[in-house]
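The values are calculated or read from the model by the stated rules, or taken from the named source; none is laboratory data. Predicted model, so just to flag it, every value in this text is computed and none were measured. Reconstructed Cβ throughout: ideal geometry from the backbone, glycine too, with neighbour counts over all protein chains shown.
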Amino acid sequence: MNQLLEVLGSFKRVSSVIHALYEEGTKEFDLNFTQMVVLRCLQNKPWVNMTDLPIHSLTSNTTISVLVEKLVRKGLVERKYSEVDRRRVMLSLTDEGNATIQKIFSDDSTLMRTFREVFDLPAKDLQELMRIHQRIIDNSELRRTRT
């Protein structure tokens, strides 16, 4: 039990480090971590329904409308009503939003240089880390299907 708590504490510390690095790396774009997550989500899933976005971006329903409004005002996200159901608001990146997210994750960006420095580990260690993370995810999904 004690070792499990140490592992959980370690995950929390690593998560905090990663969050802080994202905050630092997106500052030059006048974005915060949550805004960057939403932009990244929209890059991977263009024209997402506004009600589905919290699920895909791991953001709360109460936060999402204010967050999206800020991104729309910055010209990074556009809203469009569904042609099938006018009650559904669809979201996608604008060209500027797409360019911004590309710059954030480009090889020479501050964010990616910092991540390369922090994750300066042998490829074998990174592969093992990914294998362990996937096993935890698989165990979690297996548990969820049983309940």
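Computed quantities for the displayed model
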read-out: Glu96 over 20 Å from Lys27 (Cα atoms), touching a residue at least 12 places away in the same chain (Cβ under 8 Å) and in contact with a Leu (Cβ under 8 Å, 6 or more places away or on another chain); value: no
read-out: Residue in the range 23-34 that is farther than 30 Å from Glu117 by Cβ, modelled with pLDDT of 85 or more and either acidic (Asp, Glu) or exposed (fewer than 12 other Cβ atoms within 10 Å of the Cβ) (or both) present; value: no
read-out: Within the range 65-105, considering residues that are β-branched (Val, Ile, Thr) and under 13 Å from Asn49 (Cβ atoms), the one farthest from the chain's Cα centre (by Cα); value: Val84
read-out: Residue match in the range 78-88 (condition: touching a residue at least 12 places away in the same chain (Cβ under 8 Å), surrounded by 12 or more Cβ atoms within 10 Å (Cβ to Cβ) and among the acidic types (Asp, Glu)); value: yes
read-out: Residues located in the range 20-37, provided they are of a type outside the set (Gly, Ala, Ser), in contact (Cβ under 8 Å) with a residue 60 or more places away in the chain and more than 18 Å from Leu91 (Cβ to Cβ); value: Leu21, Tyr22, Glu24, Thr26, Glu28, Phe29
read-out: Odd one out for Thr147, checked against (1) without any contact (Cβ under 8 Å) to a residue 60 or more places away in the chain; (2) within 26 Å of Glu23 (Cβ to Cβ); value: (2)
read-out: Candidate set from the range 45-70 (those that are in contact with a Leu (Cβ under 8 Å, 6 or more places away or on another chain) and within 11 Å of Thr34 (Cα to Cα)); member that is modelled with the highest pLDDT; value: Val68
